[in-house]
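Shown below is the structure under consideration.
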Amino acid sequence: MPTNYSKSVEDYLEAVYILSEQKGYARSKDVSRHLRVSTPSVSEMLVKLKKLGLINHEPYSPIQLTQTGEQSARAVKTRHDTLTKFFRILQVDEKTATCDACEIEHDLSPQTLAQLTKFVGFVEAADNPCFIDRFSEYCRTGKHTCKKTKKQ
């Protein structure tokens, strides 16, 4: 579900969604810690999210995503998770994969995301994705174990 929301709006939606999934609720201070931003910044964004119809929130109460907000947050989280899995397939360490996914999750075209999602699903469903082992070996040694032989 593509959105026209800013990176910042998407980051806040994703944070509220993740916190709600983990703790059963999300509060301003939780979002502040999660995103490493000030509580006044969170308060300002919560006003914006409420005006956009993405959350229901009253001061000193947990933040609740509206149906639209939850759909958008889930879409952002799915993009993030797909990218993280893709980078892990490429042998990128978990921390870097997660950080890089955060950086580019907002800028992918729907076509690219669809293909990445298919690729990650294909790899995850493979009974024996031996090419990943071969790629891992290539990353470690720089030697390709399945070079094509020239036809004569």
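Can E124 be described as under 18 Å from V9 (Cα atoms), part of a helix (DSSP H, G or I), out of contact with any Pro (no Cβ under 9 Å at 6 or more places or on another chain) and not small (G, A, S)? Spell out the reasoning first.
Values: under 18 Å from V9 (Cα atoms): no; part of a helix (DSSP H, G or I): yes; out of contact with any Pro (no Cβ under 9 Å at 6 or more places or on another chain): yes; not small (G, A, S): yes.
It is false that E124 is under 18 Å from V9 (Cα atoms), part of a helix (DSSP H, G or I), out of contact with any Pro (no Cβ under 9 Å at 6 or more places or on another chain) and not small (G, A, S).
Is there any pair linking a residue in segment 112-126 that is free of Cβ contacts under 8 Å to residues at least 40 places away in the same chain to one that is outside any helix (DSSP H, G or I) and of a type in the set (K, R), with Cβ under 7 Å and at least six apart or on different chains, and which?
none
Let me ask another. Anything in segment 25-73 that is over 20 Å from the mean Cα position of the chain (by Cα) and small (G, A, S)? List them, or say none.
If the condition is that a residue be over 20 Å from the mean Cα position of the chain (by Cα) and small (G, A, S), then S28, S38, S41, S43, G53, S61 are the ones that fit.
Can you tell me which residue is surrounded by the fewest Cβ atoms within 10 Å (Cβ to Cβ) among those in segment 124-152 that are touching a helix residue (DSSP H, G or I) at 6+ places or on another chain (Cβ under 7 Å) and modelled with pLDDT of 80 or more?
Within segment 124-152, the subset touching a helix residue (DSSP H, G or I) at 6+ places or on another chain (Cβ under 7 Å) is 129, 132, 144-146.
Imposing the further condition that a residue be modelled with pLDDT of 80 or more reduces the set to 132, 144.
Details: I132: 15, H144: 11.
Within segment 124-152, the match that is surrounded by the fewest Cβ atoms within 10 Å (Cβ to Cβ) is H144.
Turning to a different aspect of this structure: Please work out which residue is surrounded by the fewest Cβ atoms within 10 Å (Cβ to Cβ), limiting yourself to segment 88-99 and to residues that are of a type outside the set (S, T, N, Q) and within 17 Å of R140 (Cβ to Cβ).
Here the residue is D93.
I want to confirm something. Restricting to segment 4-41 and keeping residues that are within 16 Å of S61 (Cβ to Cβ) and in contact with an Asp or Glu (Cβ under 8 Å, 6 or more places away or on another chain), which single residue is surrounded by the fewest Cβ atoms within 10 Å (Cβ to Cβ)? Reasoning before the result, please.
Residues of segment 4-41 that are within 16 Å of S61 (Cβ to Cβ), as a first pass: 16, 19-20, 23-32, 39.
Right, trim to in contact with an Asp or Glu (Cβ under 8 Å, 6 or more places away or on another chain) and you get 19, 23.
Numbers: L19: 19, K23: 11.
That would be K23.
The values are calculated or read from the model by the stated rules, or taken from the named source; none is laboratory data. As the structure is a computational prediction, the values presented were derived from the model and not from experiment. Methodologically, a virtual Cβ is constructed for each residue, glycine included, from the backbone with ideal geometry; neighbour enumeration extends over all protein chains shown.
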